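Engineer: Sharing a structure with you now.
The values are calculated or read from the model by the stated rules, or taken from the named source; none is laboratory data. Since the model is a prediction, treat every value here as computed from it, not as a measurement. Here the Cβ is made from the backbone with ideal geometry for all residues, glycine too, and neighbour counts use every protein chain on show.
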Amino acid sequence: MDDEAMIAQRRGAMTGGTPPGRSRGRLADEVYDTLLGQMMSLRIEPGSRVTIDVLARELGVSQTPIRDALNRMEAEGLVVRVPHAGYRIPPQITRHRFEDMLEVRLLLEPAAARRSAERATLEQVAGLRRMLEEMAELEGGDGLMAYGAFGLRDAAFHDLIALSAENQVIREALARLHTHVHLFRLLHDTQVTHLAMAEHEEVLAAIAARDPDAAAYAMRRHILLSGERFRRLFDEVKDADGMEA
């Protein structure tokens, strides 16, 4: 599945399709999901500037849903408003914010994995397997585009677990957390690591085995190990900044 299809699939799952006469809120949600997909696939790069009129032309919609979507993204810290210049994609999260996000993930994602092991359909389990296969094809890739493609599938993997857990509140909360995490890594570590893949495999194996305790444990372990990898990245960035100063 290519990146455009992945974006469309996630957007369709979130909105349930786009019927004629769709509401302003529904259209704003679709724009929001599209912009998230473009950020994750690097069509919109970290640090770049975006404007309402340009996005409206590119997406073929009026400025109102664009403005609504950007206001929502600003509230979530995904974009920063620049006076008289539109919006900017922030280049990275702070370490303090990352630790807060990690704490929330540890509260929500093991619970989602537990419920997924209890409730996931065979089709959803097969979908998780396909995502891991696609990530495996990207493993070892270098550069922003390789990690952008990997990150998009990684986010979709976690999103499908939340979807199969049948808790929309958890799903919506995790979606924006994963975007922040991947945008930071895009700037500082674009190596696709086999470590995350092995951890994903453990989570999927537990879900497929219908073992809620093992699924929750595997997800918690994955998040903790991921947290350690990111802490090392923060330390490396801090050291590099100190050397440049």
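Engineer: With respect to the numbered conditions (1) among the acidic types (Asp, Glu); (2) surrounded by 15 or more Cβ atoms within 10 Å (Cβ to Cβ); (3) modelled with pLDDT of 90 or more; (4) not assigned by TED's automatic domain parsing to the domain that holds residue 162, which one is the sole condition not fulfilled by residue 33?
Structural biologist: Just one mismatch for residue 33, condition (3).
Engineer: Separate question: Considering segment 176-199 alone, what residues qualify as being within 15 Å of the chain's Cα centre (by Cα) and modelled with pLDDT of 65 or more?
Structural biologist: 176, 177, 178, 179, 180, 181, 182, 183, 184, 196
Engineer: Count, please, the residues in segment 91-118 that happen to be out of contact with any Leu (no Cβ under 8 Å at 6 or more places or on another chain) and at pLDDT 90 or above.
Structural biologist: Matching residues across segment 91-118 total 13.
Engineer: Can you find, within segment 155-178, the residue that is farthest from residue 226 (Cα to Cα) among those that are β-branched (Val, Ile, Thr) and surrounded by fewer than 23 Cβ atoms within 10 Å (Cβ to Cβ)?
Structural biologist: 169
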